[in-house]
Every structure is written in structure tokens, then in C-alpha cells.
Amino acid sequence: MSTTLDRQVTSSHTLPASPEVSQPETQTPTTSHDASERLQATTTAVRLRIRWPGVRKTLTAEFQQQAADTFSADSKSLRVSKKLLDTSHPAFRAATSVKTVAVDYWKRQTLPYIEPGVRLLRREDLPAFEMQLTSIQQELDEAVEQLDRHYGELVQQARERLGHLFDPADYAPSLQPLFAIQWEYPSCDPPAYLLQVSPQLYHAECARVQQRFNEAVRLAEQTFAEELSQLVQHLAERLQTEPGETPKVFRDSAVTNLREFFDRFQRLNIRSDEQLDGLVAQARQVLASTSPQQLREQANLRSTVANELTRVEAALDGWLVDRPRRNIQRRAR
């Protein structure tokens, strides 16, 4: 089945004065158009495909009827399946972990596109992307090879667990052909031959592609803004403490996830919206070189950061509300 920063901070630490948060402004068509053309000229589409075995199978009509009879139910109203393999087995979990790494890497290195399963990769990042996915693919091959060594054991466990529902025909001779990570670079441009066949149709297709990249710019803006809003809201909520209340516990990841976002935004930012750029810069300034431990130990710093992040969150909410909700047209899966 395929699926596609450290400086010393004291308790009297004060943050640099935050710039006034401007009211949301409407993006000028020229800037949006420039960003769209820049996006189209500097990225390439990349599709990630994951081949993975199905581990559940719907029961035959006979067993479906037996299950229905047990509960005096209509068999047409039931959908009963059996689990073929124990996915909690360490070897299966190891393979699943590699799949997660592949998908996470693909998403971190790219921008969203309006076609499901396709994202936009900066062309300058293509060699490193190719090398990293090749390495991940090799990791998966090794993990599946190890899993295959336990395949007989997993099948035997299924035989014992499923009883009369066990069917040897549900199990392939080997698991290795059932797993794969594949990627390709589909073209987003109209085919060149179309210009010779029908110039009018070719130019119409060029206009359609341009519109799709306009939508991709807006989708990237909204995706970044919503992710930042969620990260800022989460950290601000964990840092806020009411009088007499014990400070909330928070993980280092509440801070490091924001820093990772800042780095990714700086690397992938298509500079299409100055206000969004300013809000990201303001959120980054709020944290500056503050460490998670400093936030735990210094109450004044904790309160200041929480208040500043709340201001950023409010400004982000205003940005999101002011802009038209994206009616991104996606192709059917």
C-alpha cells in the first residue's frame, strides 16, 4: 500500500524593546506576483511515495456474518477486520521509525504545494535532499532486512492469535518487496510540445500554472503563520503563572521547536509578506538567547517572555483573521 541559541541572563533581565505590532496590511498584488514568480523559478516539485504493507484485512463475508450474528446485527452495518502482524514488535517499530524520519525530512525541507503529495524543494537543496533520502532509503532496507528475519516468528504469533481467522494466503513469502521509499520530481510546467500544437492552449496552461503558484505562496504564508501561532500559544500558556499558582512544567522542546521553526522559516521564506516576516522576527527576538532552564529558574524572565509571546500571538491572530481564508483548490487524491 503506497502513502505518500547563550548569554548570561539574570533575574532582572529585560528583553529588547519589541517593535510596535502594526495592523494587518493587505499584500500588494505586485509583491505577491513577484513572490510567485520567484517561487516558481527557484523550486522544483518533489513527490514522496511510501510503499508499506497493509497489516489489517477485512474478514470474509462468512466471518462478517458470524460477527453480526453474535450481536444480532445486520452484517451490512459492520466492518470487521483482523490484524495480520504485530506492529508493536521492535523490528517493525524500527522500520516505522525510518518511515517517520523520511516523511519528516521531506516536510522540513520543502514548502507546501496545492497538489496533494507534492511539495516544493529549493533547487539549491536538491543534491543534499537526494543524498539524505538515499541514505534513509538504505536505512529502511536494513531495517526491513532485520524485520524479515523475524517474519516467521510474527506469522506464527498471528496464527496463534487469530485462531480460525488465520489464513496463510494473507502472508507473502517475504516482507522485503512490500516496503519502499521512493521520490520523484514531477514537472509543474506545461509540456513544451504544447506550444507547437496549440499556442493558445499552451499560454492558457502557463496562466493556470502561474495561478497555482500564486496559491502556493498563500498556502506557504498561512502554513507558516498557523504553525508559529500554535508554537507561540503553547509556550506562552506553559509560561503563564497566576498569583499563588505553581509554575507549569514544560519540556525543552517547547523552546527548541520554536528555534527550529525560526531556522526553517529563514531558510525557506519566500519573502512574500513583510508583516509576517516581522512577526517571526519579533517572536525570535522575544526568545533571543534564553534557555529553557533560565525560563524555569527566573520568574521575572518567565513572566516577561510569556507576556511578549502573548502579544505576538495576538498579532498573528489578527494577521490570520484579516487575510481572506484560503480556498486552496487541491486535486482529488
Looking at Val249, Val255 in this structure, which one is farther than 30 Å from Leu39 by Cβ and assigned to a helix (DSSP H, G or I)? Val255
Quickly run through the stretch 158-181 and pick out the residues that are in a loop (DSSP other than H, G, I, E, B) and either in contact with a Cys (Cβ under 7 Å, 6 or more places away or on another chain) or loosely packed, with under 14 Cβ neighbours inside 10 Å (or both). Ala172, Pro173, Ser174
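Quick grid of which residues meet (1) in a helix (DSSP H, G or I); (2) touching a Lys or Arg at 6+ places or on another chain (Cβ under 9 Å); (3) at pLDDT 95 or above:
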| site | (1), (2), (3) |
| --- | --- |
| Thr134 | yes, no, yes |
| Glu139 | yes, no, yes |
| Gln146 | yes, no, yes |
| Glu153 | yes, no, yes |
| Pro186 | no, yes, yes |
| Pro191 | no, no, no |
May I ask you to verify whether Val197 is over 26 Å from Gln66 (Cα atoms) and surrounded by 11 or more Cβ atoms within 10 Å (Cβ to Cβ)? no
Scanning the stretch 83-104 residue by residue, the ones that are out of contact with any His (no Cβ under 9 Å at 6 or more places or on another chain) and either under 22 Å from Leu59 (Cα atoms) or not hydrophobic (A, V, I, L, M, F, W, C) (or both) total 12
For the stretch 219-243, which residues satisfy the criterion of being crowded, with 17+ Cβ neighbours inside 10 Å and either under 17 Å from the mean Cα position of the chain (by Cα) or not assigned by TED's automatic domain parsing to the domain that holds Glu297 (or both)? Leu219, Ala220, Glu221, Gln222, Phe224, Ala225, Leu228, Ser229, Leu231
Say whether the condition of being under 30 Å from Phe262 (Cβ atoms), assigned to a helix (DSSP H, G or I) and among the β-branched types (Val, Ile, Thr) is met by at least one residue in the stretch 198-214. no
Going through Leu48, Leu15, Leu85 one at a time, which residue ends up being part of a loop (DSSP other than H, G, I, E, B) and at pLDDT 95 or above? Leu85
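The values are calculated or read from the model by the stated rules, or taken from the named source; none is laboratory data. Owing to the predicted nature of the structure, the values given are computational and were not obtained by experimental measurement. Because the Cβ atoms are built from the backbone with ideal geometry, glycine has one as well, and the counts that use them run over all protein chains shown.
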